[in-house]
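The values are calculated or read from the model by the stated rules, or taken from the named source; none is laboratory data. These figures come from a predicted structure and were not determined experimentally. Here the Cβ positions follow ideal geometry from the backbone for every residue, glycine too, while neighbour counts run over all protein chains shown.
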Ligand code: KQY
């Protein structure tokens, strides 16, 4: 498959919204013991639940390392395809390609540079070279040509688009020292506009409180459809999350998108603060250079970190009274999709959630 020396905008490709039709979905199997407790065994069960839920709606491929291939194949249901993809960890939203489509139905991948959320500045592990090859491997499996950006760091979790020329991101992440410190905000915006075919970038300031990715947008805001977004919210003015969510609400509700529409903003309450337990902390193999998981640390829990599938939405459950409220809100926002909740504490303990462990391939 070819590496194309051009840009999506020049070639008439655009990034579709996640709510548009998919050809399928990728997930990478968790195993690294310095991020996933107990050697990844509890997380693997939840990844099976997420893959199974999504496979009700669209084909799912799980990539596993050669060491874990047989275990993954054994644990996953037969309708899920399992292939070997060597990796450093299982966040395919970030290590995988961002796909773009054209009006002829062609699909191409954008292969951003991946540096584990901040490289040597404040990245979450080292090395990350296998993760940086994941996008290329998925493009090959999908028979998709790709644009490779060897000098531009970006993760899929740091952007959401409406498919009609608008992208939402956060300054906390895209302007962080560990991504592209040599580029100004305007230059970063220009790269996004060229490679995703956009007219407008809406900049939020910060993502969810204590998000270890430097505030990925996919934990705080999601596009329901063009002109309509869901926002993580709390009414508790004493929670540091309040000020962040309020700031996002003010920016979003005062923004127009690329088509000149005012955004409709729907609030979905976060669960009460979720803290790492002693047993959970002790289950992680602490090593130098990987973010420690300390007892009592608050996790960046948000229902917004959900996956939009063909005909379905798969969202995280936290064993919290807000779970049911989130389900109802999503059912209202997505009347034509089945809403499936998956208990997701084990994914949260690894530092992300359902959206972060999935990557859609658009139908084109
Ligand atoms: O939230 C994400 N998109 C990724 C989280 C990475 C956590 C690594 N420990």
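Any idea how many residues of segment 257-303 are out of contact with any helix residue (DSSP H, G or I) (no Cβ under 9 Å at 6 or more places or on another chain) and free of Cβ contacts under 8 Å to residues at least 40 places away in the same chain?
Total satisfying the criteria: 6.
Take the residues of segment 71-86 that are outside any loop (DSSP other than H, G, I, E, B) and touching a strand residue (DSSP E or B) at 6+ places or on another chain (Cβ under 6 Å): which is farthest from the ligand (Cβ to nearest atom)? So that I can check it myself, show each step before the final result.
To start, the set of residues in segment 71-86 that are outside any loop (DSSP other than H, G, I, E, B) comprises 71-75, 81-84.
Next, from what is left, pick out any that are touching a strand residue (DSSP E or B) at 6+ places or on another chain (Cβ under 6 Å): 72-73, 81-83.
Numbers: 72: 19, 73: 25, 81: 23, 82: 22, 83: 21 Å.
Applying the filter and picking the extreme gives 73.
Return yes or no: is residue 42 in a loop (DSSP other than H, G, I, E, B) and touching a helix residue (DSSP H, G or I) at 6+ places or on another chain (Cβ under 9 Å)?
No; evaluated as a whole, the condition is false for this residue.
May I ask you to verify whether residue 351 is within 16 Å of the ligand (Cβ to nearest atom) and either part of a loop (DSSP other than H, G, I, E, B) or buried (at least 20 other Cβ atoms within 10 Å of the Cβ) (or both)?
yes
Got a sec? Which of 285, 319, 323 is closer than 30 Å to residue 122 by Cβ, surrounded by fewer than 18 Cβ atoms within 10 Å (Cβ to Cβ) and at pLDDT 95 or above?
The match here is 285.
In this structure, is residue 272 within 26 Å of residue 248 (Cβ to Cβ) and surrounded by fewer than 18 Cβ atoms within 10 Å (Cβ to Cβ)?
yes
Limited to segment 309-341, what total is found for residues that are within 16 Å of the ligand (Cβ to nearest atom) and more than 14 Å from residue 268 (Cβ to Cβ)? Give the steps one after another, and end with the answer.
The initial filter retains those residues of segment 309-341 that are within 16 Å of the ligand (Cβ to nearest atom), namely 314-316, 318.
If we keep only those that are more than 14 Å from residue 268 (Cβ to Cβ) as well, we get 314.
The qualifying residues number 1.
All but one of (1) assigned to a loop (DSSP other than H, G, I, E, B); (2) farther than 23 Å from residue 360 by Cα; (3) under 18 Å from the mean Cα position of the chain (by Cα) hold for residue 182; state the number of the condition that does not hold.
Looking at each condition in turn, residue 182 falls short on (3).
Kindly indicate which of 103, 111, 89 is touching a helix residue (DSSP H, G or I) at 6+ places or on another chain (Cβ under 8 Å) and either assigned to a loop (DSSP other than H, G, I, E, B) or within 16 Å of the ligand (Cβ to nearest atom) (or both).
Only one candidate qualifies: 89.
Scan segment 145-165 and tell me whether some residue there is part of a helix (DSSP H, G or I), away from the ligand (no atom under 15 Å from the Cβ) and either closer than 28 Å to residue 50 by Cβ or at pLDDT 95 or above (or both).
Looking for residues that are part of a helix (DSSP H, G or I), away from the ligand (no atom under 15 Å from the Cβ) and either closer than 28 Å to residue 50 by Cβ or at pLDDT 95 or above (or both), one finds none in segment 145-165, hence no.
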